[in-house]
Amino acid sequence: MSVDNISQLDELVPSRYAVEVGDIEVLVISDGVLPITSSTLATNVASAELGGWLDDMFLPRDVVDWPLNVVVVRTGGRTILVDAGLGVEFPDFPRAGQTVHRLEAAGIDPGSVTDVVLTHLHMDHIGGLLTDGLKARLRPDLRVHLATAEAEFWEKPDFSQTVMPGPIPDVLRRTATQFLDEYRGQLRPFESEYEVAPGVLISRTGGHTPGHSIVRLESRGDQLTFAGDAVFAVGFDNPEWQNGFEHDPAEATRVRVELLRELAATGGALVATHLPFPSVCHVATAGDVFRCVPATWDY
Ligand SMILES: [Zn+2]
């Protein structure tokens, strides 16, 4: 095949990956990658220490591409979208915001989505829902599941412990407010846990944001956890490193370590928003820290 022909293929880099968790169908979809300032990956260590880790990982020291994954869960007649990517409102990030058209490319019409689960209201997790014209294509009875604490937090958000580049806090405030305004009628808030469908449990962790939640899937002995922003790539080698986007970094660290320890003990699979696509891995312990062991692709 000539290079010309290759470039005419639908996609050179795959952006969706299907995995089964017992009887539950899971599709990991890449929203793309989002360049972020590397220093936000570790705000409580010397820059040389973070620089050494970035060198070890063959990542640049100034700006890194942050992968962005969303998940579609299908079971019992429900189609559940977990997070929605960055959206297309931010022209500076042309390589992210692909969720809506990649859903369609996967044969999933937005009108077939019965439930949306949001891990939290940062723009890289809700932006896709703010895409122009999308809301009119969604079911009028769409249920959007979100922790009560998350909706309350964004009425008066506290950024005092975050370390983010200049314009970002304002953008996060604006997009979360816009989302709550547009989707308030669809919201199905939950306090600490909610079972969206049999074997699909949303569980509030707090930490990253007060209402940050994870999604636990379990069917016929198989387990997979979508960890949202509880775990980042740096968090395996350095679980104590604080991320600049964490609104309560100490609590976020506690949540991360507890979740990684649990997954190392149970052997359940992990998918997280910002792990390299398709992100499906298992967690092993390595002394006091952890290893992300990628799962073999299942054809
Ligand atoms: Zn995020």
So, relative contact order of the chain in percent, Cα under 8 Å, 6 or more apart, is 18
Taking θ as phi - 60°, what are the ³J(HN,Hα) couplings along the range 71-78 by the Karplus curve (6.51, -1.76, 1.60), each to the nearest whole Hz, with x for Gly and Pro? 9, 10, 10, 10, 6, x, x, 9
Going residue by residue through the range 211-225, the Karplus relation 6.51 cos²θ - 1.76 cosθ + 1.60 with θ = phi - 60° gives ³J(HN,Hα) values, rounded to whole Hz and with x marking Gly or Pro, of x, 4, 9, 10, 10, 9, 10, 8, 7, 6, x, 8, 9, 9, 10
Expressed as a whole-number percentage, the relative contact order of the range 1-135 with C-alpha contacts under 8 angstrom and at least six residues apart is 23
Given the chain, what percent of its DSSP beta bridges are antiparallel, to the nearest 5? 75
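Run lengths n ≥ 4 of DSSP H only: what is the helix-derived mean residue ellipticity at 222 nm for the chain, with -39500 (n - 2.57) per run over all residues, to the nearest 500?
It comes out at -6500 deg cm²/dmol, rounded to the nearest 500.
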Quick check on packing: order 193-201, 78-86, 268-276 by the mean number of other C-beta atoms within 10 Å, highest mean leading. 78-86, 268-276, 193-201
Sum up the charges of everything whose Cβ sits under 11 Å from the Cβ of THR99, counting Lys and Arg as +1 and Asp and Glu as -1, but leave THR99 out. -2
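Here, each number is a calculation from the coordinates, and none is a lab measurement. Treat the numbers as computed from the prediction; the structure is a model and nothing was measured. We place every Cβ from the backbone using ideal geometry, glycine too, and count neighbours over all the protein chains shown.
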